[in-house]
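The values are calculated or read from the model by the stated rules, or taken from the named source; none is laboratory data. All values derive from a computational prediction rather than experimental measurement. Neighbour counts run over all protein chains shown; Cβ positions are idealised from the backbone, glycine included.
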Amino acid sequence: MKWYLKAFRQYSDFNGRARRKEYFMFSLFNALFMILTMLISVGLSSWLDAPAFISIYALYILASLVPSLAVSVRRLHDIGKSGWMLLVGCIPLIGAIWMFVLLITDSDPQNNQYGPNPKEEMMLEHI
């Protein structure tokens, strides 16, 4: 949960690097909250017969859009790629596969043009 909240605290920070753990934990909690919000929206809208409750789901999607983009860009920075590489995901099928490969790639072990290795920073904090 701390990774999810970290992404929302850094919602407009497209600089720096994000570890795989940060990206995938954010993605996991974001997916869970999207499902929960969708179920609540559909349940309320059918129970109260008011389609306006569907907008709860749409509001959550809009609220999580910028943090999702920011953490994705920082994840690409961690492997030494530009944030513009997110556009590769727009290519049908091949783009999604390539993006998945990029997102699961291990971090650059050294500092790169986007900053220091976040794994090393975490190790130094625990010493």
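Of the residues Ile40, Ile104, Ile61, which is closer than 17 Å to Leu5 by Cα and β-branched (Val, Ile, Thr)?
Going through Ile40, Ile104, Ile61 in turn, the sole match is Ile61.
Quickly run through segment 1-41 and pick out the residues that are of a type outside the set (A, V, I, L, M, F, W, C) and closer than 18 Å to Asn117 by Cβ.
Passing the criteria: Lys6, Gln10, Asp13, Asn15, Gly16, Arg17, Arg19, Arg20, Lys21, Glu22, Tyr23.
How many residues does segment 66-114 hold that are surrounded by fewer than 12 Cβ atoms within 10 Å (Cβ to Cβ), part of a helix (DSSP H, G or I) and not aliphatic (A, V, I, L, M)?
3
Are there any pairs with C-beta distances below 6 angstrom linking a residue in segment 13-42 that is of a type in the set (Lys, Arg) to a residue that is surrounded by fewer than 17 Cβ atoms within 10 Å (Cβ to Cβ), with the two at least 6 apart or on different chains, and if so which?
Arg17/Gly115
Considering only residues that are at pLDDT below 90 and under 19 Å from Asp106 (Cα atoms), which ones fall in segment 1-42?
Trp3
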